[in-house]
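None of the figures in this text is laboratory data; all of them are computed from the coordinates on show. Every value quoted in this text rests on a predicted model; they were computed, and no experiment measured them. Here Cβ is always computed from backbone atoms with ideal geometry, including for glycine, and neighbour counts include all displayed protein chains.
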Amino acid sequence: MQGMLRMRRVIVGGVVGIVCASAVWGQRVSPSAPHDSRSLPGLRLSGEAVTTLPQAPLPQPSDRLTLGERFRLEARVSFGISAMVFPAIEAGYDIANPPHHYPKEWKDGPGAYGRNYGAELARHTAGGLARFATAAVTREDPRYYPSRRRRVLPRFWHAVWFSVVDKSESGRAMPAAGNFAGAAAAGYVGMPYEPAGYNDFTHGTQRAAVEFSTYAVNNLVTEFSPELCRTMKAMHFPQGVAKTLVRGDSGTKP
């Protein structure tokens, strides 16, 4: 789905730009804010950006999640409101900007919208559930551990690298197996039903790569959530709207 891939690349690039600008501006507005007190037992699951209040403590390796807690957190993401809304937006974009060789039944009429919506919903759900299952089996901690550095660039690279290497339940560094499994599931789940020419390994790999990039973006939003909140406050965003835009649906550890 080239239209969807183009849109997601634009969104990823735009979010990264906004995060970086907010990080620089937000630190200038409040340079004395203590970095260690900002977050987070927030999670980044299934393409959702999460943050917590600045006063929340950092997650501790000894504070392990049970299987039930893991599942409830994932359910908020895979079956929450945003899990229904974002596929609807992406399906609308696919209908408005269909690839040149898309068959008529995938680009014209309510039936085409339903097919695109179902494909996007299946991709999001498969990616999220694969991340949940893989992290549970490998004992990977699904929570994001923010950088303790104050400068923007080290924090930026920490957030990006954390999508590749995160932490185990014991607090040790480990490959982010859940991210790789989730991206692969999201990328290749559509191969049995995508239109001819878009159900091959190449397009599946492209979808998987774009999905994986969203995990890094989620980490960036979480890492720089205090600066993003300050920026939105300075722009006179309503407090409820600002929290909704930055927090997402995943919440914190129950």
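List the residues, sorted by chain then number, that are 5 or more residues from residue 174 or on another chain and whose placed amide H is less than 5 Å from its amide H.
166, 167, 168
Once you order the gyration tensor axes a ≥ b ≥ c over the Cα atoms, which shape class does segment 83-229 get: rounded for a/c under 1.5, otherwise prolate or oblate by comparing a/b with b/c?
Cα axes put segment 83-229 in the prolate bin.
Is the C-alpha gyration tensor of segment 91-158 telling us rounded, prolate or oblate? Criteria: a/c under 1.5 is rounded; beyond that, a/b larger than b/c is prolate, otherwise oblate.
Oblate, since a/c reaches 1.5 and b/c is not below a/b.
At 0.36 nm per residue, minus the direct Cα-Cα distance, what do residue 151 and residue 168 gain on full extension? Give it in nm, one decimal, please.
3.5 nm
If I model a spin label at residue 66 and residue 84 as a point 7 Å from the Cα along the Cα→Cβ vector, what separation in nanometres do I get?
2.9 nm
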